[in-house]
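Right, one structure below, let's go through it.
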Amino acid sequence: MKNIVKKSVYIVAAIYFCFAVVSCESDFTDIDTNVITNTKFDTNEITLDITASNSPLEVLQTDNISRQINQYLLGVYASSDYEKIEASIVSQLNLEANLQVVDDADISDTTTVLTKIDTVFLKLPYPVALEDVSDATSDFEFDGIVGNPATPYTLNVYRSNTFLNNFNPSDPTKLNSYNSKDDFEKVGSPLNVQTDYPLSPSLNDTMFVVKRRMIDNTVVGMDTIKIFSSAASTNPIPFARIPLDEDLIEQLFLDKYEDAEFSSQDAFNDYFRGVILEATGTDGSLITYNFDTAITDLSPSIEVYYTNTVYTAGTTDTIKTVRKNNTFLLSGYRVNTFDMQDRTYPDNNEIKIQGAAGSEGEVTLFDETVLSTLRSNNWLINDASLTFYINQSADTASVPERLYLYKTDGDATSPVFSQIEDAVSEAAFGGIDGNLVRDSDGKVEKYTFKITDYLSDLVIGLTDYNPTLKIKAFNTSDIPTTDTIFRNFSWNPRAVTLLNNDPINGDKKAVLKISYSEKK
């Protein structure tokens, strides 16, 4: 019913008004005709001043234990207007079934098999989109990259010594959780061949040739490695390839394939507890990687390529060479860590909104006195919106395409977050909106939130819960699915500077606009 109310279809709106406001007077009895002829109601609009301020974040839950989070942020980004982000990833590895360096068919009393590792590397497929969506052969562009990919940041890959437990060690009856500031213990030196590997994401990195070698380094063939988005595609997906220490991987992996450590996923998780992809540096770029794709080749992984040469026993006579490849997907439990450069923003006419563990906005619509006045007016709320203009003199290179609004009870120790009513009741019509609006010149201009049902419930007294609202950079996980609980995850690193309610902002100050109908 509220969807119709929002669109000001007067006949239904009036019926709703009669139902909700129990103090309706007798001359409302013929309300259908009166509203249609507009003889007893006026429609007006007011704007109310609000209070809006910065609300810096300290930590966020960033694991996938209690909720399936598929996207994780990796890289470095710095802006003079916001906090610098160094985003790293901790992940378990998936164990392939029946791992065996040498196949049973090649083992006999008359053969000798020698193994040569050809290459080992971390593979990170880049999220990309077609420049021309109507042409499947058009060039790719990075999908959602923040920063300058030409500026390298430092990447090191470590073996983790922290066991990622899905149950809370202090109370095994509860699920565990990890946050963006958690520390994870490293084992030894980096696994990458080149310590402090300089990673500059490039759209040109679409293939890699693996030289297959015998034990004496004789090249016996070449494999060209490309990945595609589908079996029909001829347009290869670009990917990062970070070479790893072959001798170390042989010792940690291949030499133990048939030992107890590789007998099951649980045994492997205890032996090799995961990898830490640690990004550091002064600047660079941030990319959100997808870890659960329908196509395995598009998932981040550690790739091991090796060649077995089968000889006649006691001789150097070659019977055959066998090319093999094992894939260890970065799968299981994962955690995103954010090393944010702490900043104290001035108390001025702005609000800083930054994703990851950056900063949110805090909004108070009105106090109890104003709410009491609104209720005494006996208004029918037709539309309510909250608009924030963008400070175009600040850094707008990577603004969020959408912001989100949610409720918090303000508890400092254990806050309770919940969805705005319109996020659920108006889901079929875009929920609370919050999408980026550009002006006629294409410049970023503002964000508007639709909160008609939320405000209507307050004004007509269906609820007395008038909490603080929070503004954040939108993530797809923000949208309600099965309940009205809001769960604050963030892998969106984008940032924007909004103008708050300070009068110095003039006609671009943040306001609450209400359209209402009232009895003449």
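Of all DSSP beta bridges in the chain, what percent run antiparallel (nearest 5)? Write out the running numbers ahead of the final one.
Details: 127 of 127 bridges.
Among the beta bridges of the chain, antiparallel pairing accounts for roughly 100 percent.
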Anisotropy class of segment 77-340 from Cα gyration tensor, a/c 1.5 cut: oblate
Read phi for every residue in segment 280-286 and hand back ³J(HN,Hα) as whole Hz from Karplus 6.51 cos²θ - 1.76 cosθ + 1.60, θ = phi - 60°, with x for Gly and Pro. 9, x, 8, 6, x, 8, 10
Within segment 226-373, how many lysine pairs that are 8 or more places apart, or on different chains, have C-alpha atoms less than 29 Å apart? 5
Relative contact order for the chain: what is it in percent, counting Cα pairs under 8 Å that are at least 6 residues apart? 25 percent
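Go through segment 336-389 and name the chymotrypsin sites (Phe, Trp or Tyr not before Pro) that are in a DSSP coil and have 11 or fewer other Cβ atoms within 10 Å of their Cβ.
On the way: sites: PHE338, PHE366, TRP379, PHE388, TYR389; in loops: PHE366, TRP379.
Loop-located and lightly packed - none at all.
Would you mind ranking THR296, THR137, THR448 by Cβ crowding within 10 Å, fewest neighbours first?
Details: THR296 12, THR137 9, THR448 18.
By the 10 Å Cβ count, ascending, the order reads THR137, THR296, THR448.
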Using each residue's phi in segment 158-168, evaluate 6.51 cos²θ - 1.76 cosθ + 1.60 at θ = phi - 60° and report the 3J(HN,Hα) Karplus result to the nearest Hz, with x for Gly and Pro. 10, 7, 8, 10, 9, 6, 7, 9, 7, 10, 5
Amide H proximity to VAL101 below 5 Å, modelled H, separation 5+ or other chain, gives none
Counting other Cβ atoms within 10 Å, which GluC sites (Glu not before Pro) in segment 38-88 have at most 16 and lie in a DSSP loop? GLU58
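With the Cα gyration tensor of the chain giving a ≥ b ≥ c as the square roots of its eigenvalues, does the rule (a/c under 1.5 for rounded; else a/b larger than b/c for prolate; else oblate) give rounded, prolate or oblate? List each step's numbers first, then the result.
Values: a/c = 2.61, a/b = 2.51, b/c = 1.04.
Since a/c reaches 1.5 and a/b is larger than b/c, the shape of the chain is classed as prolate.
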Residues whose built amide H sits under 5 Å from the amide H of VAL511, excluding neighbours closer than 5 in sequence, are THR387
Between segment 225-301 and segment 462-479, the Cα center-to-center distance that results, in Å: 37 Å
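Mind checking segment 394-501 for chymotrypsin sites (Phe, Trp or Tyr not before Pro) that DSSP puts in a loop (not H, G, I, E or B) and that have at most 12 other Cβ atoms within 10 Å?
Details: sites: TYR404, TYR406, PHE417, PHE429, TYR447, PHE449, TYR454, TYR465, PHE474, PHE486, PHE489, TRP491; in loops: TYR465, PHE474, PHE486, PHE489, TRP491.
For chymotrypsin sites (Phe, Trp or Tyr not before Pro) across segment 394-501 that sit outside H, G, I, E and B with at most 12 neighbouring Cβ atoms in 10 Å, the list reads TYR465.
Return the subset of LYS443/LYS470; LYS446/LYS513; LYS84/LYS186 for which the Cα-Cα distance in this structure is over 19 Å, preserving the input order. The partial results should precede the final answer.
Numbers: LYS443/LYS470 25 Å; LYS446/LYS513 14 Å; LYS84/LYS186 23 Å.
Exceeds cut-off: LYS443/LYS470; LYS84/LYS186.
Would you mind calculating the relative contact order of segment 102-169 from Cα pairs under 8 angstrom and at least 6 residues apart, reporting the percent as a whole number? Spell out each step's value before the answer.
Values: 26 pairs, mean separation 10.9, N = 68.
Reported as a whole number, the value is 16 percent.
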Test item: Cα-centred dipole of segment 325-424, Lys/Arg +1 and Asp/Glu -1 on Cβ, debye: 320 debye
Once the in-chain neighbours fewer than 8 apart are removed, the lysines whose Cα is under 22 Å from LYS40 read LYS2, LYS6, LYS7, LYS519, LYS520
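Sort segment 131-275 into rounded, prolate or oblate with this rule: let a ≥ b ≥ c be the square roots of the eigenvalues of the Cα gyration tensor; rounded if a/c is under 1.5, and if a/c is not under 1.5, prolate when a/b is larger than b/c, oblate otherwise.
It comes out oblate by the Cα gyration axes.
Could you grab the relative contact order for segment 77-340? Cα pairs under 8 Å, six or more apart, rounded to a whole percent. Don't skip to the end; give the middle numbers.
Values: 562 pairs, mean separation 102.6, N = 264.
Rounded, it is 39 percent for segment 77-340.
Rule-based calculations on the coordinates, nothing more; no lab input. Everything numeric here is computed off the predicted structure, so don't read it as measured data. Positions of Cβ are generated from backbone atoms using ideal geometry, with glycine treated the same way; all protein chains shown enter the neighbour counts.
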